[in-house]
Amino acid sequence: MNVPDQLRYAESHEWLRLESDGTAVLGITDHAQNELTDIVFVDLPQIGKQLVGKEVVAVVESVKAASDIYIPIAGEVVESNAALSTDPALINTDPYGEGWICRIKPTNPTDLEAMLDADAYRTRIG
């Protein structure tokens, strides 16, 4: 399973990457996309939506099931990945790159420090 060291992880299998401009990019982990199998639809969040931590930010539908995607920290959605509207399988093929879900402006960027690091997430998923 691919678990990049530079990301932070949620128990619910989302990842966040803090960018140099202060925003954070959200996606689901390689483990999560593997469990879901073929993703066929993504319900993306609205730009400008204010979110509290652990709130549903998006829904991913696969051939197996629909799954809620949670935002691990509070913030405002500043961008959604429009490419997923036409090619939701990007989450399967590139979960840490082109398959990102949204970008948020964190209310408190230091909240990322409370998330799991790569080693802790690897232990979590076995």
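Here are a few things to note about the model shown:
- Per DSSP, loop trypsin sites (Lys or Arg not before Pro) in segment 79-126 with at most 15 further Cβ within 10 Å: none
- Segment 1-65: proportion of alpha-carbon pairs further apart than 21 angstrom, %: 29 percent
- Student exercise, the chain dipole from Lys, Arg, Asp, Glu Cβ charges, in Debye to nearest 20: 180 debye
- Percentage relative contact order, the chain, counting C-alpha pairs under 8 Å, at least six apart: 31 percent
- Equivalent ellipsoid semi-axes - Cα gyration tensor, the chain, angstrom: 20, 18, 12
- Among the GluC sites (Glu not before Pro) found in segment 1-33, those both in a DSSP coil and sparsely packed, with 11 or fewer other Cβ atoms within 10 Å of their Cβ, are E19.
- Segment 42-85 - Kirkwood radius from inverse mean 1/r over Cα pairs (Å): 10.9 Å
- Using the Karplus relation 6.51 cos²θ - 1.76 cosθ + 1.60 with θ = phi - 60°, the per-residue 3J(HN,Hα) values for segment 88-98 come to x, 5, 4, 5, 6, 7, 8, x, 9, x, 5 Hz, with x marking Gly and Pro.
- Highest-first arrangement of 105-115, 55-65, 74-84, where packing means the average Cβ count within 10 Å: 74-84, 55-65, 105-115
- For the peptides 24-33, 42-51, residues were scored by their other Cβ atoms within 10 Å and the scores averaged per peptide; the highest-first order is 24-33, 42-51.
- HN-Hα J in Hz across segment 41-54 - Karplus 6.51, -1.76, 1.60, θ = phi - 60°, x for Gly and Pro: 7, 10, 8, 7, x, 6, 5, x, 5, 8, 10, 9, x, 6
- Here the 3J(HN,Hα) profile of segment 113-126, calculated from phi with Karplus coefficients 6.51, -1.76 and 1.60 at θ = phi - 60°, is 5, 7, 7, 5, 7, 4, 5, 5, 5, 4, 5, 4, 8, x Hz, Gly and Pro shown as x.
The numbers here are math on the coordinates, done by the rules we state, and not lab data. Computed from a predicted model, the values in this text were never measured in an experiment. Here the Cβ is made from the backbone with ideal geometry for all residues, glycine too, and neighbour counts use every protein chain on show.
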